[in-house]
1. Return yes when residue 83 is within 16 Å of the chain's Cα centre (by Cα) and either touching a residue at least 60 places away in the same chain (Cβ under 8 Å) or in a loop (DSSP other than H, G, I, E, B) (or both) and no when it is not.
2. Let me confirm something: among 253, 301, which residue is free of Cβ contacts under 8 Å to residues at least 40 places away in the same chain and not assigned by TED's automatic domain parsing to the domain that holds residue 154?
3. Restricting the search to the stretch 50-71, which residues are touching a residue at least 60 places away in the same chain (Cβ under 8 Å) and either more than 27 Å from the chain's Cα centre (by Cα) or not in a loop (DSSP other than H, G, I, E, B) (or both)?
4. Pairs, please: C-beta under 6 Å, at least 6 apart or cross-chain, first residue surrounded by 14 or more Cβ atoms within 10 Å (Cβ to Cβ) and in the stretch 259-286, second among the aliphatic types (A, V, I, L, M)?
5. Filter the stretch 108-133 down to residues that are in a loop (DSSP other than H, G, I, E, B) and at pLDDT 95 or above, then give me how many there are.
6. Pick from 353, 380: which is under 21 Å from residue 21 (Cα atoms) and assigned by TED's automatic domain parsing to the domain that holds residue 80?
7. Among the residues of the stretch 178-196, which ones are in a loop (DSSP other than H, G, I, E, B) and either out of contact with any strand residue (DSSP E or B) (no Cβ under 7 Å at 6 or more places or on another chain) or among the basic types (Lys, Arg) (or both)?
8. Which one of these is out of contact with any helix residue (DSSP H, G or I) (no Cβ under 7 Å at 6 or more places or on another chain) and at pLDDT 95 or above: 21, 76, 37?
Amino acid sequence: MGPLEGLRVLDLSSVLMGPYATQILGDYGAEVIKVEAPTGDLIREIIPARSKGMGAMYLNSNRSKESIVLNLKTEAGRDAVLRMVRDCDVLLTNVRPRKMDRLGLTWEALSEANPELIYAALVGFDQQGPYAGRPAYDDLIQGGVCIPHLFERAGQRPAYVPAAICDRIVGMSAVNAILAAVIERGRSGLGQKVEVPMFETMLSMILADHLGGLTFMPPLDQGGYKRHLSPDRKPYATKDGYVCALIYNDGHWERFFRELGRPEMPKADPRYATFAARMEHIDEVYAELGELMTTRTTAEWMDLFDRADVPALPMHSFESVLEDPHLTAIDFFEEVDHPTEGRIRQMAVPTTFSRTKAQPDRLAPRMGADGAAVLDRLGFSRAEIEALAESGALTLPEEA
């Protein structure tokens, strides 16, 4: 029984940002009903996959859910959603607001169906600005919130982070916002619309580090956190690999040099004497440390860092992280049997609760696999379910 047991979520989202948010809610114990169009969620088609529509990224973003296929472009499909909403706590969508309005699923219509509903709209941009109607994808948002510029300021070519970090981070932010609204509803008894914009959410995160001197009026500099932008802030090459270490505070540096047999170093070289001095000379400090790291193996450095109590980890690959001794000890990776995809590996829920354990209770579903069961649970009769299927508003599993 997870901490969100009893919370019912209607998930009208697709691809990544919304589905990642609802997977977290599902992992925490919420009942999540994933509503898909007859064409299915596009993320199903991202390979590798053992069978069509069940790609790895889909499997890793849609567990702890049930799937129903409804054609919301039909009047019967729209009416089915409005009826389902009566018995739901949350409706989440990342469909652009204008499209939701065209479908007849406006906030006004949804709240009329259920005044206690929390309507979470994950949008690209704040809907009061000129970008309101624009489409938004992870790559675009990364560019708009200065992430490629960070690479450029660090002396590299502008680049995107090779992961869908905006989708994932904004998805987690949406979970926070939804749960805040759930808590408020407990006081007021009323639902509300919650909008979570990608652009502004990500920009607030990036500029918290990098607004820098632009915080002040007039500006003190051109922005940017110097340590993050140092060209030598990267995994250190060793004799046989790479190690990621952060020798940060005064204690770290004192113990590090003591283990090297050079205890006098922090006082002998003023660049290393204080935190402020190291920040002022961070490029030199990182460059010199990089040269030093090449003199020993990764294992030798890890042993030294452990003795000095300096934060460090080896640089993992996708394969090596599967064998990480810490992750192995806590059973972070688990092999399970999927009912249609065979043996697969899944990751544990990272957050732990002392009483209400968060544990995925179902694997990512085949398209429409739970349609009839979901509608039955929400009070639709067998005749109504059959009528929806005959009208084309509902696609049952054998037709999916």
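The values are calculated or read from the model by the stated rules, or taken from the named source; none is laboratory data. What you are looking at is a predicted structure, and each value in this text was computed from that prediction instead of being measured. Cβ: placed from backbone, ideal geometry, glycine included. Neighbour counts: every protein chain shown.
1. On the way: within 16 Å of the chain's Cα centre (by Cα): no; either touching a residue at least 60 places away in the same chain (Cβ under 8 Å) or in a loop (DSSP other than H, G, I, E, B) (or both): yes.
The answer is no for residue 83.
2. Numbers: 301 fails: free of Cβ contacts under 8 Å to residues at least 40 places away in the same chain.
Within the list 253, 301, the selection yields 253.
3. 58, 59, 66, 67, 68, 69, 70, 71
4. Close Cβ pairs (under 6 Å, with a partner that is among the aliphatic types (A, V, I, L, M)) amount to 259/304; 259/308; 266/273; 271/277; 278/285.
5. Of the stretch 108-133, the ones in a loop (DSSP other than H, G, I, E, B) are 114-117, 124-133.
In the following step, the residues that additionally are at pLDDT 95 or above were identified as 114-117, 124-132.
Total satisfying the criteria: 13.
6. Numbers: 380 fails: under 21 Å from residue 21 (Cα atoms).
Answer to the selection: 353.
7. Let us first name the residues in the stretch 178-196 that are in a loop (DSSP other than H, G, I, E, B), namely 189-191.
Within the stretch 178-196, 189, 190 meet the criteria.
8. Details: 21 fails: out of contact with any helix residue (DSSP H, G or I) (no Cβ under 7 Å at 6 or more places or on another chain); 76 fails: out of contact with any helix residue (DSSP H, G or I) (no Cβ under 7 Å at 6 or more places or on another chain).
Result: 37 is the single residue among 21, 76, 37 that is out of contact with any helix residue (DSSP H, G or I) (no Cβ under 7 Å at 6 or more places or on another chain) and at pLDDT 95 or above.
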